[in-house]
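Encoded as structure tokens, the structure appears first; notes follow it.
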């Protein structure tokens, strides 16, 4: 399955290599996974949702939750396909970002979580921070975390069942080597930062302010 996921990502040009990129974390890398490339393709999203659902079909799940924004579409498709496999309605909802970058329930969704068995899904995870924030939001309102699933895990050493604190499964892994800006070999070679992907534009603007 892992190869299938990577092939799909490459097909929609979601995997970028041999470039100079600034990741969301602020670290620099020659590679990047852009999940936004997947989102417009409904058939692919459905296919990925079904792969998720088949992985978790034997777990008692009532609600699938994804963090805003990338996890929203996956939560819907996974819930849809789990409902078909289990022949019962499984709802798909999402948490939303606060200005402090926490994940919380809005729109009355918290009432759908109380006492329910929860599957958390995410597209790409590098540090696991978004997933952990969703877990905290679920536990704060009395939901029961049964499992966490991600499409691609970029760092299985950093992100796993032990570090997440819940049963964790990645459909695929794609290790990306990254560096602090001051240690970046790409910067030392004066290779320009790509301003169109990740936090490249923001990084370039900050450099201009400092100069």
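The values are calculated or read from the model by the stated rules, or taken from the named source; none is laboratory data. Predicted model only: the values in this text are computed from it and were never measured. Don't worry about glycine lacking a Cβ; one is built from the backbone with ideal geometry, like all the others, and counts go over all protein chains shown.
Tabulated data for the structure shown
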read-out: Cβ-Cβ under 9 Å pairs, at least 6 apart or on other chains, region 2-25 side at positive phi and without any contact (Cβ under 8 Å) to a residue 60 or more places away in the chain, far side assigned to a loop (DSSP other than H, G, I, E, B) and surrounded by 13 or more Cβ atoms within 10 Å (Cβ to Cβ); value: 13/34; 18/30; 18/31
read-out: When residues of region 6-34 are limited to those that are crowded, with 19+ Cβ neighbours inside 10 Å and in a helix (DSSP H, G or I), the one farthest from the chain's Cα centre (by Cα); value: 8
read-out: Count - residues of region 155-193 that are in contact with a helix residue (DSSP H, G or I) (Cβ under 7 Å, 6 or more places away or on another chain), more than 28 Å from residue 2 (Cα to Cα) and buried (at least 17 other Cβ atoms within 10 Å of the Cβ); value: 1
read-out: Residue satisfying condition, being buried (at least 18 other Cβ atoms within 10 Å of the Cβ) and either within 16 Å of the chain's Cα centre (by Cα) or at pLDDT below 90 (or both), within set 131, 138; value: 131
read-out: Residues (touching a helix residue (DSSP H, G or I) at 6+ places or on another chain (Cβ under 7 Å) and more than 20 Å from residue 45 (Cβ to Cβ)) located in region 78-109; value: 102, 103, 104, 105
read-out: Flag if residue 66 is surrounded by 15 or more Cβ atoms within 10 Å (Cβ to Cβ), within 18 Å of the chain's Cα centre (by Cα) and not in a helix (DSSP H, G or I); value: yes
read-out: Single residue of 120, 152 found to be assigned to a strand (DSSP E or B), under 30 Å from residue 19 (Cα atoms), in contact (Cβ under 8 Å) with a residue 40 or more places away in the chain and in contact with a helix residue (DSSP H, G or I) (Cβ under 9 Å, 6 or more places away or on another chain); value: 152
read-out: Within region 35-56, considering residues that are surrounded by 19 or more Cβ atoms within 10 Å (Cβ to Cβ) and touching a residue at least 60 places away in the same chain (Cβ under 8 Å), the one farthest from residue 184 (Cα to Cα); value: 56
read-out: Any chance residue 117 is in contact with a strand residue (DSSP E or B) (Cβ under 7 Å, 6 or more places away or on another chain), surrounded by fewer than 17 Cβ atoms within 10 Å (Cβ to Cβ) and closer than 21 Å to residue 165 by Cβ; value: yes
